[in-house]
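Data first, discussion second: the structure below is written as structure tokens.
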Amino acid sequence: MQVSELGSGTDSFLAQDGLLDRREWGAAERMAALGVAALAEVLEKLAPAAAQWNVEVPVLVGFPEERPGWAPPDLQRVVAMLSAVDAGRLRLRVEPRLTGHAAALESLHQAVTWGGHAGRCPLILVGGIDSYQDLETLDWLRENNQWLEEGSRTGFAPGESAAFIALMPESNARKLGLAPAASVRATATARETQLINTPALNLADGLTSVVRQALNPLDKPRDVVENIYCDINGERYRTEEWGFVALRLGASFRDASAYHTPVRSCGEVGAATGALNLLMCAQAWRREYSRGPRTLVWGSSDAGLRAAALLEAPSPGHRGEIRTWAP
């Protein structure tokens with residue numbers, strides 16, 4: 001959607017959820033509505049299979065880093081709304097992470113670690129929520145030259161989204177009659193010190209580190225990654241960061257320049273990007289338009305968090321303990 005806002009005199013680009021009230025310009029209220037709807041949808045799909053469970057379920061949720069229009073009291077309101085979602089016999093324990101773009105992948109890394117301890121967490125929900133539809137936030141984006149506007153050569157269309165996945169051992173999923181949508185082979189996190197919106201030159205040391213760790217399970221040079229899902233959004237910083245990674249690790253990919261990103265259809269969705277990319281990857285396998293059985297998902301947060309995950313399409317005959325999520 002193309003609109004003119006905040007008296008700039010130029011056309012600015014926004015991507016809004018058409019089911020939400022367009023007159024509501026509070027990020028917290030919109031995030032709560034998006035998050036509750038997405039979480040309830042996942043729980044509804046799990047309900048028939050998980051009705052026998054009476055367990056506490058961690059809900060690891062990625063949120064934006066603190067910024068104008070988004071502060072700790074806003075987070076408390078959204079977490080309260082998520083905690084109140086009807087989960088049947090499941091007891092939700094919402095754990096927020098204010099770490100931006102890479103937050104959901106950081107949560108995935110934590111969930112896989114927890115899931116590795118037998119019996120500790122038979123089910124973990126991982127997600128991300130964000131909305132830039134706040135007047136203070138949009139002012140801040142414009143001041144930083146990050147809002148895509150008429151005539152600009154960089155920047156993004158501020159969007160909004162929420163997404164969740166259910167993570168569990170593959171054996172548990174099949175016992176419950178759930179068909180795994182994807183398998184997690186490896187995850188990794190790291191920190192980058194050369195940050196966006198600073199004079200520092202980012203040579204992608206942090207992102208290179210997490211991608212290299214995520215690719216460790218590959219049988220090289222026979223195996224290559226066919227699909228890439230990321231948070232490149234039109235900003236030069238992110239594009240150049242991936243360029244350095246591609247130069248160093250390009251041989252591990254079928255085509256390091258052929259990446260998918262939500263911004264092309266949903267606008268920039270911030271902390272929801274990682275979770276949405278996980279869903280997009282799974283849907284590509286389910287609907288059979290994926291380029292192959294291996295996918296790298298990576299994310300790059302403004303404050304320096306970097307995270308990546310290597311996923312594989314589930315094999316119908318596999319009965320191993322690779323961590324998976326259900327559709």
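Would you confirm whether any residue within the range 194-211 is in a strand (DSSP E or B) and touching a Ser or Thr at 6+ places or on another chain (Cβ under 8 Å)? Even if it seems obvious, please write down each step before you answer.
In the first step, residues of the range 194-211 are kept if they are in a strand (DSSP E or B); the result is none.
Checking the range 194-211: not a single residue is in a strand (DSSP E or B) and touching a Ser or Thr at 6+ places or on another chain (Cβ under 8 Å).
Give me a count of the residues in the range 123-181 that are over 19 Å from the mean Cα position of the chain (by Cα) and among the hydroxyl-bearing types (Ser, Thr, Tyr).
Count: 4.
Suppose we keep only residues that are within 20 Å of Ala80 (Cα to Cα) and part of a helix (DSSP H, G or I) within the range 95-114. Which one would you say is nearest to the chain's Cα centre (by Cα)? Step through it out loud before you land on a result.
Kept after step one, since they are within 20 Å of Ala80 (Cα to Cα), are these residues of the range 95-114: 95-100, 103-104, 107.
Applying the additional criterion that residues be part of a helix (DSSP H, G or I) yields 100, 103-104, 107.
Working: Gly100: 9, Ala103: 7, Ala104: 5, Ser107: 9 Å.
Checking each candidate, the answer is Ala104.
Restricting to the range 137-186, what's the tally of residues that are of a type in the set (Ser, Thr, Tyr), over 18 Å from Ala15 (Cα atoms) and either at pLDDT below 90 or open to solvent by 30 Å² or more (accessible area, probe 1.4 Å) (or both)?
Going residue by residue through the range 137-186, those that are of a type in the set (Ser, Thr, Tyr) are 137, 152, 154, 161, 171, 183.
Checking the rest, the ones that are also over 18 Å from Ala15 (Cα atoms) come to 171, 183.
Filter once more, keeping what is either at pLDDT below 90 or open to solvent by 30 Å² or more (accessible area, probe 1.4 Å) (or both): 171.
Counting residues in the range 137-186 that are of a type in the set (Ser, Thr, Tyr), over 18 Å from Ala15 (Cα atoms) and either at pLDDT below 90 or open to solvent by 30 Å² or more (accessible area, probe 1.4 Å) (or both) gives 1.
Evaluate the following for Val42: is it closer than 18 Å to Ile124 by Cβ, assigned to a strand (DSSP E or B) and either modelled with pLDDT of 95 or more or out of contact with any Asp or Glu (no Cβ under 7 Å at 6 or more places or on another chain) (or both)?
Details: closer than 18 Å to Ile124 by Cβ: yes; assigned to a strand (DSSP E or B): no; either modelled with pLDDT of 95 or more or out of contact with any Asp or Glu (no Cβ under 7 Å at 6 or more places or on another chain) (or both): yes.
No, not satisfied.
Out of Thr198, Thr137, Thr187, I need the residue that is within 30 Å of Arg23 (Cα to Cα) and of a type in the set (Val, Ile, Thr). Which one?
Details: Thr198 fails: within 30 Å of Arg23 (Cα to Cα); Thr187 fails: within 30 Å of Arg23 (Cα to Cα).
Only one candidate passes the filter, namely Thr137.
Out of the residues in the range 256-282 that are over 17 Å from Gly155 (Cα atoms) and without any contact (Cβ under 8 Å) to a residue 40 or more places away in the chain, which is surrounded by the most Cβ atoms within 10 Å (Cβ to Cβ)? Walk me through how you get there before you give the answer.
Step one: list which residues in the range 256-282 are over 17 Å from Gly155 (Cα atoms), which gives 256-260, 272, 274-282.
The next check asks that each one be without any contact (Cβ under 8 Å) to a residue 40 or more places away in the chain; those that pass are 256-260.
Details: Ala256: 18, Ser257: 10, Ala258: 11, Tyr259: 17, His260: 20.
Within the range 256-282, the match that is surrounded by the most Cβ atoms within 10 Å (Cβ to Cβ) is His260.
Looking only at the range 244-255, how many residues end up being surrounded by 20 or more Cβ atoms within 10 Å (Cβ to Cβ) and in contact with a helix residue (DSSP H, G or I) (Cβ under 6 Å, 6 or more places away or on another chain)?
Result for the range 244-255: 1.
Determine which member of the set Val126, Val85 is surrounded by 22 or more Cβ atoms within 10 Å (Cβ to Cβ) and aliphatic (A, V, I, L, M). Walk me through it before giving the result.
Values: Val85 fails: surrounded by 22 or more Cβ atoms within 10 Å (Cβ to Cβ).
Being surrounded by 22 or more Cβ atoms within 10 Å (Cβ to Cβ) and aliphatic (A, V, I, L, M) holds for just one of Val126, Val85, which is Val126.
Of everything in the range 283-305, what is under 19 Å from Val61 (Cβ atoms) and not in a strand (DSSP E or B)? Give them in sequence order.
Ser301, Asp302, Ala303
Condition (residue is among the polar types (S, T, N, Q), open to solvent by less than 50 Å² (accessible area, probe 1.4 Å) and touching a residue at least 40 places away in the same chain (Cβ under 8 Å)) applied to the range 218-228: is it met by at least one residue? Don't jump to the end; show me each part of the working.
To start, the set of residues in the range 218-228 that are among the polar types (S, T, N, Q) comprises 227.
This time we only want the ones that are open to solvent by less than 50 Å² (accessible area, probe 1.4 Å), so: 227.
Going one step further and asking which of them are touching a residue at least 40 places away in the same chain (Cβ under 8 Å), we end up with 227.
Within the range 218-228, one or more residues are among the polar types (S, T, N, Q), open to solvent by less than 50 Å² (accessible area, probe 1.4 Å) and touching a residue at least 40 places away in the same chain (Cβ under 8 Å).
Just to be sure I understand, how many residues within the range 111-136 are out of contact with any strand residue (DSSP E or B) (no Cβ under 6 Å at 6 or more places or on another chain) and modelled with pLDDT of 95 or more?
Total meeting the criteria: 4.
The values are calculated or read from the model by the stated rules, or taken from the named source; none is laboratory data. Quick caveat: nothing in here was measured; it's all calculated off a predicted structure. Positions of Cβ are generated from backbone atoms using ideal geometry, with glycine treated the same way; all protein chains shown enter the neighbour counts. Accessible surface areas use protein heavy atoms only, side chains included; no ligands, DNA or RNA. Shrake-Rupley method; radii C 1.70, N 1.55, O 1.52, S 1.80 Å.
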